[in-house]
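Written out below as structure tokens is the structure these notes cover.
The values are calculated or read from the model by the stated rules, or taken from the named source; none is laboratory data. A quick note: this is a predicted structure, and the numbers were derived from the prediction, not measured. Here the Cβ positions follow ideal geometry from the backbone for every residue, glycine too, while neighbour counts run over all protein chains shown. With ligands, DNA and RNA removed, areas are computed over all heavy atoms of the protein, side chains included. Shrake-Rupley method; radii C 1.70, N 1.55, O 1.52, S 1.80 Å.
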Amino acid sequence: MYKYLSIVVLIIIFSLTVFSKSSATSANTPSWHLPTIATVLAYSQPTTTGSLTPVQSYIMHQINQYRASLGLSPVQPSDQTCAFADMRAKEIATDFSHAGFTQRYEAHTIPYTYWSYITENLAEAPDYREVVRLWENSPTHDTNLRANTPYICVMQYHDYYAFEGMRP
């Protein structure tokens with residue numbers, strides 16, 4: 001459903017942009033302009049992943065419960081945040097650090113179509129039910145839990161958890 005919503009939003013935005021007068025022209029000579037790729041990407045929404053594992057569902061529920069207790073809107077996973085979180089969960093099993101995230105950020109290779117703000121939380125825990133509590137009790141990680149990033153995903157690889165958040 002979300003893939004189709006993205007297409008409809010893009011078509012509507014394209015139509016509104018193409019069929020609006022440019023304010024830089026005189027009243028006697030109308031001019032039309034096309035959207036730039038940045039304009040189109042800025043208005044597209046990430047597709048939402050269809051199914052979550054029981055562990056992901058539990059963690060997402062805990063995150064949204066915590067956010068609701070603070071009066072914040074719920075977050076949801078997207079295909080892009082889940083793919084990146086999966087990649088990062090596997091990476092941190094051999095290098096438990098934010099280095100992979102930081103390097104991609106600095107090299108402008110974060111694997112999202114478009115983003116304006118991104119976050120990452122990592123955890124190593126033998127019990128997935130403790131992960132969100134660990135993040136809540138860490139000021140930096142808690143800031144990411146409360147961030148205005150409507151699309152997040154948490155992926156697990158053995159005892160490692162990667163939370164990737166993104167705001168288009």
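Give, as ranges by residue number, the residues of the range 133-154 whose backbone N falls under 15 Å from the point 7 Å along Cα→Cβ of Thr113.
Within reach of a label on Thr113: 151.
Report the residues of the range 123-139 in range of a label on Thr102: point 7 Å along Cα→C-beta, backbone N strictly under 17 Å from it.
123
With a 1.4 Å probe and every protein chain left in place, work out the accessible area per residue of the range 43-168 in Å², rounded to a whole number. Working shown, then result.
Details: 6330 Å² over 126 residues.
Solvent-accessible surface per residue comes out at 50 Å².
If R₀ is 25 angstrom, what is the calculated FRET efficiency for the pair Ala68 and Ser138, using the beta carbon separation as r and rounding to 0.05?
Between Ala68 and Ser138 the formula returns 0.80.
Kindly identify the range 71-142 as rounded, prolate or oblate by the Cα gyration tensor criterion: order the square roots of the eigenvalues as a ≥ b ≥ c, call it rounded if a/c is under 1.5, otherwise compare a/b with b/c, prolate if a/b is larger, else oblate. Before the final figure, lay out the partial values.
Working: a/c = 1.68, a/b = 1.20, b/c = 1.39.
Oblate is the answer for the range 71-142, as a/c is 1.5 or above yet b/c matches or exceeds a/b.
Report in % the part of the accessible area of the range 92-152 that belongs to carbon and sulfur, leaving out ligands and nucleic acids; probe 1.4 Å.
50
What ranking, highest mean first, results for peptides 83-92, 55-64 when packing means the other Cβ atoms within 10 Å averaged over each residue?
Those peptides, ordered most packed to least, come out 83-92, 55-64.
Rank-order 107-118, 151-162, 131-142 by packing density, defined as the average count of other C-beta atoms within 10 Å over each peptide's residues, highest first.
151-162, 131-142, 107-118
From the residues Val75, Phe96, Tyr112, which one has its Cα farthest along the dipole of the range 54-122 in the positive direction, the dipole being from +1 and -1 charges on Cβ of Lys/Arg and Asp/Glu about the Cα centre?
The Cα lying farthest towards the positive end belongs to Val75.
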